[in-house]
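The values are calculated or read from the model by the stated rules, or taken from the named source; none is laboratory data. Values in this document were obtained by computation on a predicted structure and should not be read as measured data. Cβ atoms come from the backbone with ideal geometry, glycine included; neighbour counts cover every protein chain shown. Accessible surface areas use protein heavy atoms only, side chains included; no ligands, DNA or RNA. Shrake-Rupley method; radii C 1.70, N 1.55, O 1.52, S 1.80 Å.
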Amino acid sequence: MQRKGLVFDIRSYAIHDGPGLRTTVFLKGCPLHCVWCCNPESQTDSPDLLWLAEHCLNCDLCRSVCPRGALNTPPQGGKSVALELCDHCGACVNQCPGDALNLMGRWLTVEEVLAEVMKDALCFENSGGGLTLSGGEPMAQAAFATDLLRSYKREEKGLHTVMETCGVAEWASFQRLAEDVDLFLYDIKHMDPVEHLRLTGRDNRLILDNASALAQMGREIVIRLPLIPGKNDSEANLIATAEFVRKLPGVNRIDILPYHRLGEPKYRRLGLPYALAGISSLGNECAESAQQLLQRFGLEVRIGG
């Protein structure tokens with residue numbers, strides 16, 4: 001039986017997930033639950049039902065076909081999903097005439113993913129682009145990610161490969177796929193283990209250990225720092241991050257990813273609370289101030305990435 005992975009999006013002509021033009025494959029599942037996560041639909045290891053209010057025709061056809069009675073129409077209007085009843089069968093999605101209901105996540109084989117990825121491969125060749133694995137966390141589906149990268153690089157003679165990762169996986173899993181990854185975009189969210197636990201649900205020991213081990217292997221790494229107001233933007237944390245990064249052999253670049261609120265509506269659509277409701281996006285002045293501080297440690301620092 002062919003191994004399958006749970007994919008929630010495949011986006012072509014991406015320009016922010018590595019060099020050149022790329023196809024980015026988003027895998028579901030993540031061991032962290034960061035309070036600022038802008039892709040809440042990526043966190044679970046099963047499909048999620050997403051309701052788009054602006055597309056809803058209020059026809060209630062979805063309710064009529066739901067075999068488990070998981071869909072309701074609250075008095076204030078719209079739709080609510082009883083998550084404990086929904087089994088993600090997709091019957092309501094197929095019945096919805098306005099495309100208001102979307103099932104986020106589909107099980108695909110490596111061959112099915114590559115069929116979509118390779119459609120644009122020739123277009124990307126001259127740009128230095130290729131394939132990026134993102135999520136969620138690709139290492140949450142490490143065996144599938146390994147098979148996909150190996151097939152792309154070796155059988156399809158694929159182009160440049162990138163993995164966006166939070167670093168949470170057993171080291172043996174990183175070892176199995178590292179040679180097929182040309183660039184790791186590696187998140188460092190907080191240097192203090194207690195704060196990291198509070199903000200993400202896990203401490204950072206494994207993350208820092210894996211970053212050090214990948215650097216020792218000689219893999220190309222760019223550190224990514226999601227910068228969140230009042231959470232990890234203190235001078236103390238920025239200094240600790242810079243001191244850690246400059247000790248990684250061969251690693252000299254940090255990309256600052258300023259906090260934004262673009263993911264907030266997704267929480268409402270999924271019926272989930274948003275922990276940072278009301279917090280403003282990080283302004284340019286704050287991002288530039290952090291950039292200047294990090295640069296004092298001799299690092300190349302970019303805003304965005």
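Identify all lysines with a Cα-Cα distance to Lys157 below 26 Å; exclude those on the same chain that are fewer than 8 residues away in sequence.
Within the straight-line limit of under 26 Å, Lys157 reaches these lysines: Lys4, Lys28, Lys119.
What accessible area per residue comes out for the chain, rounded to a whole number of Å², with a 1.4 Å probe? Present the calculation step by step, with values, prior to reporting the outcome.
Values: 14390 Å² over 305 residues.
Value for the chain: 47 Å² per residue.
Starting from the Cα of Ser12, step 7 Å along the direction of its Cβ; do the same at Asp60; then give the gap between the two resulting points in nm.
Those two pseudo-labels are separated by 4.2 nm.
If we sort 202-209, 77-84 on the protection proxy, mean other Cβ atoms within 10 Å, highest first, what's the order?
Going by the mean number of other Cβ atoms within 10 Å, highest first, we get 202-209, 77-84.
For an R0 of 41 angstrom, estimate the FRET efficiency from the Cβ-Cβ distance between Asp203 and Ala277 and round to the nearest 0.05. Don't jump to the answer; show the numbers that get you there.
Working: r = 26 Å, r/R0 = 0.63.
It comes to 0.95.
Quick check: pseudo-label points 7 Å beyond the Cα along Cα→Cβ at Met118 and Leu293, how many nm apart are they?
Here the answer is 4.8 nm between the modelled labels.
How much length, in nm to one decimal, is gained on full extension between Asp99 and Glu155, taken as 0.36 nm per residue of separation minus their Cα-Cα distance?
That pair, Asp99 and Glu155, stretches by 16.5 nm at full extension.
Going 7 Å from the Cα of Glu220 along its beta-carbon direction, which residues of segment 116-147 have the amide nitrogen within less than 16 Å of the resulting point?
Inside the label zone: 125-133.
In deg cm²/dmol, rounded to 500, what helix-only [θ] at 222 nm does the chain give when every DSSP H run of at least 4 residues adds -39500 (n - 2.57) and the total is split over its residues? Numbers along the way, then the final one.
Working: 11 runs with 88 residues, N = 305.
Taking each H run of at least 4 residues, the total per residue is -7500 deg cm²/dmol.
With all protein chains present and a 1.4 Å probe, how do Met217, Met163 order by accessible area, largest first?
Working: Met217 80, Met163 0 Å².
Sorted by accessible area, descending: Met217, Met163.
When ranked by the protection proxy of mean other Cβ atoms within 10 Å per residue, highest first, what sequence do the peptides 17-26, 34-43, 133-142 form?
133-142, 17-26, 34-43
How much length would be gained if the chain were fully extended between Lys4 and Ala236, taking 0.36 nm per residue of separation minus their Cα-Cα distance, in nm to one decimal?
Here the answer is 79.2 nm.
Computing the accessible area with a 1.4 Å probe over protein heavy atoms, can you report the carbon and sulfur percentage for segment 1-136?
Exposed carbon and sulfur together represent 52 percent of the surface.
Kindly provide the trypsin sites (Lys or Arg not before Pro) of segment 221-305 that DSSP labels as loop, not H, G, I, E or B, and whose Cβ sees at most 13 other Cβ atoms within 10 Å. Can you show the working numbers first?
Values: sites: Arg224, Lys231, Arg246, Lys247, Arg253, Arg261, Lys266, Arg268, Arg269, Arg296, Arg302; in loops: Lys231, Arg246, Lys247, Arg261, Arg296.
Those satisfying the criteria are Lys247, Arg296.
Taking the mean number of other Cβ atoms within 10 Å as a proxy for protection, how do you rank 118-124, 254-260, 175-181, 145-151 from highest to lowest?
145-151, 254-260, 175-181, 118-124
Using Cα positions and a limit of under 14 Å, work out the aspartates and glutamates in reach of Lys266, with same-chain residues fewer than 8 apart set aside.
Of all the aspartates and glutamates, those that pass the test against Lys266 - Cα under 14 Å, at least 8 places apart if same chain - are Glu41, Asp48, Glu54.
Can you tell me the FRET efficiency between Ala213 and Cys89 if r is taken as the Cβ-Cβ distance and R0 is 41 Å, rounded to the nearest 0.05? Mind dumping the intermediate values first?
Details: r = 42 Å, r/R0 = 1.02.
Given R0 = 41 Å and the Cβ-Cβ separation, E is 0.45.
Tell me, what does the Kirkwood hydrodynamic radius of segment 177-291 come to in angstroms if you use every pair of distinct C-alpha atoms?
15.5 Å
Kindly state, to the nearest 0.05, the FRET efficiency for Glu300 paired with Val35, given R0 = 22 Å and r defined as their beta-carbon distance.
In this case the efficiency is close to 0.20.
Counting DSSP beta bridges with both partners in the chain, what percentage is antiparallel, nearest 5?
Numbers: 15 of 42 bridges.
Antiparallel: roughly 35 percent of the beta bridges in the chain.
Which entry in (1) 19.1; (2) 19.8; (3) 20.6 matches Kirkwood radius over Cα pairs in Å derived from the coordinates of this structure?
Computed from these coordinates, Kirkwood radius over Cα pairs in Å corresponds to label (3).
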